[in-house]
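Everything on this sheet refers to the single structure shown next.
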Amino acid sequence: MLGIDGAGKTSLLRKVKLLEPRTQPTVGFNLESLQYRQQTLVMWDVGGQEKIRSLWHHYFVKSQALIFVVDSSDPSRIPEARKELQKLLHETELKDAKLLVYANKQDVQNCLSVSDLADMLDLSLVEDREWHVQGCSASTGKGVYEGLDWLVEVLKPS
Ligand SMILES: Nc1nc2c(ncn2[C@@H]2O[C@H](COP(=O)(O)OP(=O)(O)OP(=O)(O)O)[C@@H](O)[C@H]2O)c(=O)[nH]1
Ligand SMILES: [Mg+2]
């Protein structure tokens, strides 16, 4: 689970684990495992501040999915998020990873719509893997499980 600082990664992780919200920036990572629809999801939530993004690559190996979280309420930082996402999509170690983009903070008034956000992130250009963009709110929980539903479906052992 990656994305720039403040996107809401830790909030999402804590929501699915039914933990109290806690809001300090992540330095390092949080690791949680979740039983969901007969699958075990091992989720690494890695801090997104610029100065620690160079550590992201330590978490690539064997990742079956990249969950990329974006703050839909802050259009000014979408270009930065797009740049980081495009870099990740070029990583060899992530070439087989499915992509779930959470358009988070959909509870905020006047936030970007899911389709506008998808356009701004150039998601339509992603042709080398399965991807899905899910509107959600880590605050209310809306949309969070719909994203996981998609994920467990594409991760199902064939
Ligand atoms: N309104 C609203 N606020 C949110 C939502 N998700 C997260 N926030 C707030 O956004 C801020 C950042 O959330 P975090 O979960 O700490 O963000 P992060 O992506 O883990 O940030 P780093 O650990 O620095 O990479 C906090 O103040 C959260 O309460 C949401 O869905 N809606
Ligand atoms: Mg965090």
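None of the figures in this text is laboratory data; all of them are computed from the coordinates on show. Since we're looking at a predicted model, the values are computed, not measured. Cβ: placed from backbone, ideal geometry, glycine included. Neighbour counts: every protein chain shown.
Look at the dipole of segment 78-158 built from charges on Cβ: of 120, 139, 106, the Cα furthest out on the positive end belongs to 139.
Between rounded, prolate and oblate, where does segment 59-158 land on the alpha carbon gyration tensor, with a ≥ b ≥ c its root eigenvalues, rounded for a/c under 1.5, else prolate if a/b exceeds b/c? Note, shape of segment 59-158 comes out oblate. Counting lysine pairs in segment 9-155 that sit 8 or more residues apart in sequence, or on different chains, and whose Cα atoms lie under 22 Å apart gives 27.
Of the listed peptides 137-147, 107-117, what is their order by residue-averaged count of other C-beta atoms within 10 Å, with the highest listed first?
Details: 137-147: 17.3, 107-117: 14.9.
Highest to lowest by the protection proxy: 137-147, 107-117.
Nearest-5 percent of antiparallel DSSP beta bridges in the chain? Kindly include the intermediate steps, with their values, before the conclusion.
Details: 8 of 21 bridges.
Here the antiparallel bridges make up roughly 40 percent for the chain.
With the cut-off at under 11 Å, measuring from each backbone N in segment 51-79 to a point 7 Å along the Cα-to-Cβ line of residue 125 picks out no residue. With a cut-off of 14 Å between beta carbons, the residues surrounding residue 79 carry a summed charge of -4, where Lys and Arg count +1 and Asp and Glu -1.
The Cβ shell under 12 Å around residue 111 holds other residues with a net charge of -3, Lys and Arg each +1, Asp and Glu each -1. The protection proxy used here, the mean number of other Cβ atoms lying within 10 Å of each residue, ranks peptides 79-92, 20-33 as follows, highest first: 79-92, 20-33.
Would you calculate, for the chain, the mean residue ellipticity at 222 nm contributed by helices, counting each DSSP H stretch of 4 or more residues as -39,500 (n - 2.57) and dividing by all residues, to the nearest 500? If you can, show how the numbers build up before the last one.
On the way: 4 runs with 39 residues, N = 158.
Rounded to the nearest 500, it is -7000 deg cm²/dmol.
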